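S.K.: Just passing along the structure, written as structure tokens.
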């Protein structure tokens, strides 16, 4: 399952990683933001972007991609709707993804193979993720893990937490991971993101000004909510270590781009 509200920057790249390795991709698309954490979000945001255009173009060549359009109030609500659709079509394994997450070549198949090998209905699988911050050539230092798959059974449900279904937690090996690109955005898009995500009410009051607008490579404690120390700092990497699919992205440092704020500048 993939959630898609205002994701024109990365959704095409995320789908290029998923679609060849997944039997059925359910994309939950909305033109309106959630309101559970910010009741005024639909008054403040929701202008058009290219997400739907990208989805329609991609689906034309990938019949295993299904787009479900609707309006939902929270992330658990939309994920539960996606889960119900997956149950209808008989899926046993669900990859839990967002439209700004990109997998290295072959990694999606590794996740599916590992879940099948363990054969633990009801289990929720966690993996490492790498978050680029402000630029493609900086990545956050963090050992945090995220739920990326669930082996569906009759008890599986998304209730309270945005991404975490009920079920026993099982950690995948360290060499299974994905790249999170949702923190390489324009200033305008980041402002909207922190006011429309499920954790909008938890964003630290001065995070946008202090940690986003005034970020430098020396900045520490970058996470948008408490404890900010979960993201210690961002360290420079060779952007060629990113998944190959991203190396034709407009933000990639070595190519032409209309980059986010200072995304291609030298230190």
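Since every read-out is calculated from the coordinates, none of them should be taken as a lab result. Because the structure is a prediction, the values reported are computed rather than measured. Methodologically, a virtual Cβ is constructed for each residue, glycine included, from the backbone with ideal geometry; neighbour enumeration extends over all protein chains shown.
S.K.: Measure nothing but the geometry: give the 0 to 90° angle between the long axis through the Cα atoms of 187-196 and the longest principal axis through the Cα atoms of the chain, rounded to 10°.
M.R.: Helix 187-196 and the main axis of the chain meet at about 40 degrees.
S.K.: Further question on the same structure: What order do you get for 64-70, 176-182 when each peptide is scored by the mean count of other beta carbon atoms within 10 Å, highest first?
M.R.: Result, highest mean first: 176-182, 64-70.
S.K.: Antiparallel versus total DSSP beta bridges in the chain: what percent is that, nearest 5?
M.R.: 45 percent
S.K.: How high is the FRET efficiency between residue 42 and residue 116 when r is their beta carbon distance and R₀ equals 51 Å, given to the nearest 0.05?
M.R.: Given R0 = 51 Å and the Cβ-Cβ separation, E is 0.80.
S.K.: Between helix 75-88 and the chain, what is the angle of the helix's C-alpha long axis to the longest principal axis, kept within 0 to 90° and rounded to the nearest 10?
M.R.: 30 degrees
S.K.: Kindly put 240, 59 in sequence by how many other C-beta atoms sit within 10 Å of each C-beta, fewest to most.
M.R.: 240, 59
S.K.: Mind ordering 48-55, 36-43 by average Cβ neighbours within 10 Å, highest first?
M.R.: Result, highest mean Cβ count within 10 Å first: 48-55, 36-43.
S.K.: Sticking with this one: Simple spin-label model, 7 Å along Cα-to-Cβ: residue 85 to residue 129 in nm?
M.R.: My value for the distance between the label points is 2.0 nm.
S.K.: Next question. Expected output is a single nm value to one decimal: the length gained when fully extending between residue 61 and residue 145, i.e. 0.36 nm times separation in residues minus the C-alpha distance. What is it?
M.R.: This chain segment gains 27.0 nm when fully extended.
S.K.: Could you work out, for the chain, what percent of all Cα-Cα pairs fall into each 5 Å distance bin, beginning at 0 Å and stopping at the bin that holds the largest distance?
M.R.: Answer for the chain: a P(r) of 1, 6, 13, 17, 20, 19, 15, 8, 3, 0, 0 percent.
S.K.: Related question: Quick one: which of 97-107, 3-13 comes out on top by average Cβ neighbours within 10 Å, and what's the full order, highest first?
M.R.: Ranking, from highest mean packing down: 3-13, 97-107.
S.K.: Mean-square fluctuation check for the chain, GNM, Cα pairs under 10 Å: which of 161, 222, 83 is largest?
M.R.: 161
S.K.: I'd like the Kirkwood hydrodynamic radius of segment 1-81, using the inverse of the mean 1/r over distinct C-alpha pairs, in Å.
M.R.: 13.2 Å
S.K.: Can I ask one more? Using 7 Å Cα-to-Cβ label points, what is the residue 233/residue 169 separation (nm, one decimal)?
M.R.: 2.8 nm
S.K.: Just from its helices, what would the mean residue ellipticity at 222 nm be for the chain, if runs of 4 or more DSSP H residues each count -39500 (n - 2.57) and the sum is divided by every residue, rounded to the nearest 500 deg cm²/dmol?
M.R.: After summing the helix terms and dividing by residue count, I get -6500 deg cm²/dmol.
S.K.: Another question, if that's okay. Quick check on the exposure proxy: order 27, 245 from fewest to most C-beta atoms within 10 angstrom.
M.R.: With the fewest neighbours first, 27, 245 line up as 245, 27.
S.K.: Output the 0 to 90 degree angle, nearest 10, between the alpha-carbon long axis of helix 51-61 and the longest principal axis computed from the alpha carbons of the chain.
M.R.: Helix 51-61 and the main axis of the chain meet at about 50 degrees.
S.K.: A further question on this structure: Under 15 Å from a point placed 7 Å out from the Cα of residue 210 along the Cα-to-Cβ direction: which residues of segment 154-184 have their backbone N that close?
M.R.: Label zone hits: none.
S.K.: Under a point spin-label approximation (7 Å from Cα along Cα-to-Cβ), what is the residue 189-residue 154 distance to one decimal in nm?
M.R.: 4.4 nm
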